[in-house]
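First up is the structure itself, then whatever we jot down about it.
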Amino acid sequence: MGLRLGTVRCSAVVLLAAALSLACGSPEAVESLHGWNVLLVTLDTTRWDHLGCYGDEAARTPALDGLARRGVLFENAVAQAPITLPSHASIMTGKYPPAHGVRGNARYALPARHRTLAEILAEHGYQTAAVVGSFVLDRRYGLAQGFARYEDDREAMQQRTGSGDAARPGSDVSRAALDLAARFDRAAPYFLWVHYFDPHAPYAPPREVAASFDSTETGRYRAEIAAMDAAIGELLDGLEARDLLDRTLVVVVGDHGEGIAGPHAERSHGLFLYADTMRIPLIWSAPGGLAEGRRVERLARQVDVLPTLLDLLGLDPAAGIDGASLRGSLEGVAEAPDPGVVSYGESLLGWDSYGWAPVYQVRTAEWKFIEAPTPELYRLAVDPREATNVADEFPNVVEQLRGELRRVREAQGGSALVPGLVQGEDVERLEALGYVASARELPASLDPASLRDPKDGLALSRMLEEARALAQTGEVRPAIAVLEGLLAQDPDNPAAVREMSRFQGEIGEAGQAEAWLTRLVALRPDDPDAHALLAEYR
């Protein structure tokens, strides 16, 4: 995808750079890491700019900073979705969400026809094991493919949020990962995936860590990141003590960020596609195998992780993927300022949860275009925080990027929507983590432009958060009052209708609860949970 926009390039400059590279000698190539172990660490909800290695002087992240010093850090890495399950599916398959079909949490599952990184490595003799820190990545959602052991024990998920056993702290994750690693046979390489969930809202850091930060929301978020980093340090130290860290390629990648700050703050993540949630940490470290202390400016994507790993390990590249190997950047090969990389991203959460428009994006090194009822274009070189929409100033760029977006979406398959995958207590587990179970895809007959733009619905989403918070503390009638105000402005909001039914049931108004469920079924006739709940009242 060699899209280059908005910048005049002089071929003489490119030829001069190539000549200088030849004159000075090519960079030292990365030798194949064939047979090396692979440790993949995924960071849930971790903003890149809240890590010390990315310049945050207030951060306490010595483990991640140490990996960056001993390896290669990508300054401009991006996610394919601001939501946990789709992002991890892209990391594990090298494919964009429209290709692997996982478009949101809860009701989507990765189909078995997609070859995952674990399956590929297992076919080449790797021992495979995984530990996940949240119910969002439960094995039912398809990411256990290829793992001989997939540790998602719900009983080990500690209650953090007042409802359900939906997540566990990083210290528990590291202990579980070390227990699995102790079973590895030293005669064969291993692939270990460890997922940390700590910085996810609501922020409840360990008391001893929280004491070093202020009590604001941002302070608690920073403390959660510090606690996660300490757990990663425990994992690395434990592997080293067991002689399991030698000849090990460590890859750290975020699934998405958090909209806790910035010009588009949403206090969480999932609705928007701005840098707050789409820019992520990406670090590669292999002492003795990769350069140390290198920082790479080029655009890198989650879909590039799989092909890069296979390339470094000397294995055959995966077919039919959207990613490309970053090996040249890891080797320090001279590249043009814009090597032509285009990244696709999407969020269907607005539609799935609230009945609002889905949003899609394409981004290059210079531009980001967001397709929404009100289109957005950002010139990243002068506006890295994406504060000023310049779509009206550059209509030609908008049309070119819209065409690229159309090309990516039309080239992909359908969604892996699995009706009835999440029911009963599992819905409560997801709601406890701030997620609303997805209902269905946007019908082909519905024009997204006719729907509410998510950026115009932010205040409504916060009203829903307020209502849930009130209900959790027993203030159900005040919660209902908040929902009444929300529904007066947005009467077709499925999430608000569902919660209104639940709250009415909690105060003993069975008739009202049934009426609201009838309304929910009318809004989302393909939602099996809505039908099941309605049947309980009939």
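The values are calculated or read from the model by the stated rules, or taken from the named source; none is laboratory data. Please read these numbers as outputs of a predicted model, since none were measured by experiment. Note that we place each Cβ from the backbone using ideal geometry, even for glycine, and neighbour counts take in every protein chain shown. With ligands, DNA and RNA removed, areas are computed over all heavy atoms of the protein, side chains included. Shrake-Rupley method; radii C 1.70, N 1.55, O 1.52, S 1.80 Å.
Of the residues making up the range 206-228, those that are closer than 18 Å to residue 68 by Cβ and out of contact with any Phe, Trp or Tyr (no Cβ under 9 Å at 6 or more places or on another chain) number 1. Selection of the range 454-472 for residues being more than 17 Å from residue 491 (Cβ to Cβ) and open to solvent by 10 Å² or more (accessible area, probe 1.4 Å) yields 455, 458, 462, 465, 466, 468, 469, 470, 471, 472.
Of all residues in the range 134-149, none are in contact with a strand residue (DSSP E or B) (Cβ under 6 Å, 6 or more places away or on another chain), in contact (Cβ under 8 Å) with a residue 60 or more places away in the chain and not hydroxyl-bearing (Ser, Thr, Tyr). When residue 134 is tested against the conditions (1) modelled with pLDDT of 95 or more; (2) surrounded by 15 or more Cβ atoms within 10 Å (Cβ to Cβ), the lone failure is (1).
When 89, 118, 81 are checked against the criterion of being open to solvent by less than 10 Å² (accessible area, probe 1.4 Å) and within 18 Å of residue 272 (Cα to Cα), 81 stands alone in meeting it. Give the residues of the range 251-272 that are open to solvent by less than 10 Å² (accessible area, probe 1.4 Å) and under 17 Å from residue 228 (Cβ atoms), sorted by residue number. Across the range 251-272, the qualifying residues are 251, 252, 253, 254, 255, 256, 257, 258.
When each of 202, 206, 281 is tested for being more than 26 Å from residue 464 (Cβ to Cβ), in contact with a Ser or Thr (Cβ under 9 Å, 6 or more places away or on another chain) and modelled with pLDDT under 95, the lone residue that passes is 206.
Counting only helices (runs of 4 or more DSSP H) that sit completely within the range 488-538, those holding 1 or more residues that are of a type outside the set (Asp, Glu) and touching a His at 6+ places or on another chain (Cβ under 7 Å) correspond to 510-523. Filtering the range 368-409 to residues that are touching a strand residue (DSSP E or B) at 6+ places or on another chain (Cβ under 6 Å), without any contact (Cβ under 8 Å) to a residue 60 or more places away in the chain and either part of a helix (DSSP H, G or I) or loosely packed, with under 13 Cβ neighbours inside 10 Å (or both) leaves only 398.
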